[in-house]
Amino acid sequence: MSSDLTDGTVILEPRDGERAAEQGVHLFAVVHEREEVGAVCVTVGADEIGRLTWELSPGFTGRGLATRAVNLLVDWSFRGLRLARVEAYVDSGNERAMRVATRSGLRREGVVRGHGRLEEGRADRVLFARLATDPPITEPGGFRELLNSFLPRKRAIAQMLVRDPEERVLLCRLTYKEDWDLPGGVVEVHESPQLAVSREVAEELSLDISTESLLLTDWLPSWSGWDDALCLVFDGGVHDPAIIEQVVVQPREIRAAEFCTIEQVRERCADFTARRVESALANARGEGPSYTESGRAF
């Protein structure tokens, strides 16, 4: 047996047979202390991507044997089969299998909806993958990239509080919901929230307004099909109300924009948005909270 197929604790013994190997199926028994305790397999498709599967016999789980076996299989797939990519689809409710995947150096790439078949219908699966060019997880950079692939990612929204001398607030009427909101939008990956809000205001309203200080951090719970998010409200300063004449709305997202009194804010906005606006206004006067949840202070 090749030393490449053992790490001193588990051994992978070929079980595929010549015909199966010709069809791209490479099956190995997982042997521990001279006992066969499970199996791992890599199936190579026409796209030359290796699909990994594994299973341990009852009584041998929870001891790190699956992780060791998958590690060996991944390394062999790159060296022996010269594959550039291996991947595994894991049922979204199988926490044990997801731990094996990540501990084997496979990065979480996302959820594939309806990928699995169950008696009662379709089930979501989580896609994990590793490239031959990925740095080893034994190196700091490789370990950080692995962690980054499955640690939680929270959406960030950057908004701007723009006022006139009468403390009316610039609001936008959006195309994708009935209620009005502050100008702004979702922060792109690797983008500064402060730069994002100025970009959004320029794209949506054709206004060039630089932001000042951060007025409010507001946590938004999951709502109406949206995941939870952090909303960062920046101070856009006080402007002459005639600035509204410079607005050119982006029609795909914005129906209208105008300065509104606090009474109009309460009337036109969702209740949590109105609370956020009032908290941001109070903070602009140095009186409000720096952190809220759905606009509510603690």
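Read the figures in this text as sums done on the coordinates, not as results from a lab. The structure presented is a predicted model; accordingly, all values stated were derived computationally and were not measured. FYI the Cβ positions are ideal-geometry reconstructions off the backbone, even for glycines, and counts take in every protein chain you see.
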In deg cm²/dmol, rounded to 500, what helix-only [θ] at 222 nm does the chain give when every DSSP H run of at least 4 residues adds -39500 (n - 2.57) and the total is split over its residues? -7500 deg cm²/dmol
When a/c reaches 1.5 or more, the comparison of a/b and b/c decides; with that in mind, is the range 35-106 rounded, prolate or oblate per its Cα gyration tensor? prolate
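So for the range 155-293, averaging the separation of alpha carbon pairs under 8 Å that are six or more residues apart and normalising by length, what relative contact order in percent results?
Value for the range 155-293: 33 percent.
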With a ≥ b ≥ c taken as the square roots of the eigenvalues of the C-alpha gyration tensor of the range 47-166, please select rounded if a/c is under 1.5 and otherwise prolate if a/b is larger than b/c or oblate if it is not? prolate
Degrees between helix 193-205 axis and first principal axis of the chain (Cα, 0 to 90, nearest 10): 60 degrees
With labels modelled as points extended 7 Å from the Cα through the Cβ direction, what inter-label distance (nm, one decimal) is found for residue 120 paired with residue 177? 3.2 nm
Pseudo-spin-label distance residue 285 to residue 167, built 7 Å along Cα→Cβ, given in nm, is 0.3 nm
Normalised per residue, the volume of the convex hull around the Cα set of the chain (Å³): 195 Å³
Can you give me the angle between helix 65-79 and the longest principal axis of the chain, using Cα atoms only, in degrees from 0 to 90, rounded to the nearest 10? 90 degrees
Efficiency of FRET from Cβ geometry, residue 150 and residue 243, R₀ 41 Å, rounded to 0.05: 0.35
Which FRET efficiency value, to the nearest 0.05, do you get for residue 258 and residue 46 by plugging their Cβ-Cβ distance into 1/(1 + (r/R0)^6) with R0 = 45 Å? 0.20
Can you list the residues, at least 5 places off or on another chain, whose amide H is less than 5 Å from the amide H of residue 254, using H built in the peptide plane? 175
Rounded to 10°, Cα long-axis angle of helix 271-284 versus longest principal axis of the chain: 70 degrees
Computed over the range 155-293, Kirkwood Rh from alpha-carbon pairs, angstrom: 14.8 Å
